[in-house]
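Visitor: Before anything else, here's the structure in question.
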Amino acid sequence: VVSNVICSRPLSKAEHVAITLLIVAVCTALSLAYDCLGVVLELNGVLSATPLIFIIPSACYLKLCPGHWFQGEKLIPTMLIIIGLFVMITGLIMTGVFPQDCSHGVEMFYCADANISGTLPPE
């Protein structure tokens with residue numbers, strides 16, 4: 001999909017492999033750079049789930065149906081695209097303005113009691 005969006009021609013096998021490796025490398029670098037799962041899940045929801053739920057299905061419907069976007073039966077998909085874009089932009093702003101605190105390897109308070117064994121060691 002990314003190669004179809006970026007290039008308007010069929011890609012060779014080497015170009016396809018290069019784009020795939022670039023995507024995997026960027027995702028790996030981002031996942032290694034952040035140890036706070038909350039931020040990663042927020043960005044995943046905003047940048048992946050929202051387009052999959054709101055934008056892509058509505059855009060496909062509008063693309064496949066003939067006529068203008070602002071006709072009666074196309075009003076709801078158009079509204080869904082607008083709502084999806086609003087949710088994406090708001091989610092990105094909220095993630096940037098109000099980032100979650102991260103412990104960076106500190107043991108959380110709810111894990112302290114779990115590390116204490118209730119059994120006696122063997123003698």
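The values are calculated or read from the model by the stated rules, or taken from the named source; none is laboratory data. Note that the structure is a prediction, hence the values are computed from the model and not measured. We place every Cβ from the backbone using ideal geometry, glycine too, and count neighbours over all the protein chains shown. For accessibility, only protein heavy atoms count, side chains too; no ligands or nucleic acids. Shrake-Rupley method; radii C 1.70, N 1.55, O 1.52, S 1.80 Å.
Visitor: Looking at (1) modelled with pLDDT under 90; (2) within 29 Å of Cys27 (Cβ to Cβ); (3) open to solvent by 100 Å² or more (accessible area, probe 1.4 Å), which is the only condition Asn115 fails?
Guide: Single failed check for Asn115: (2).
Visitor: If a residue must be open to solvent by less than 50 Å² (accessible area, probe 1.4 Å) and free of Cβ contacts under 8 Å to residues at least 40 places away in the same chain, how many such residues does the range 19-47 contain?
Guide: 1
Visitor: Would you confirm whether or not the range 8-15 contains a residue that is in contact with a Leu (Cβ under 9 Å, 6 or more places away or on another chain), surrounded by 10 or more Cβ atoms within 10 Å (Cβ to Cβ) and assigned to a helix (DSSP H, G or I)?
Guide: Within the range 8-15, none of the residues are in contact with a Leu (Cβ under 9 Å, 6 or more places away or on another chain), surrounded by 10 or more Cβ atoms within 10 Å (Cβ to Cβ) and assigned to a helix (DSSP H, G or I).
Visitor: If you check Gly84, Gly96, Gly91, which single one turns out to be surrounded by fewer than 12 Cβ atoms within 10 Å (Cβ to Cβ) and in a helix (DSSP H, G or I)?
Guide: Among Gly84, Gly96, Gly91, only Gly96 is surrounded by fewer than 12 Cβ atoms within 10 Å (Cβ to Cβ) and in a helix (DSSP H, G or I).
Visitor: Another one. Could you check Ser58 against (1) in a helix (DSSP H, G or I); (2) open to solvent by 40 Å² or more (accessible area, probe 1.4 Å); (3) farther than 24 Å from Val39 by Cβ and say which number it fails?
Guide: Among (1) in a helix (DSSP H, G or I); (2) open to solvent by 40 Å² or more (accessible area, probe 1.4 Å); (3) farther than 24 Å from Val39 by Cβ, Ser58 violates only (2).
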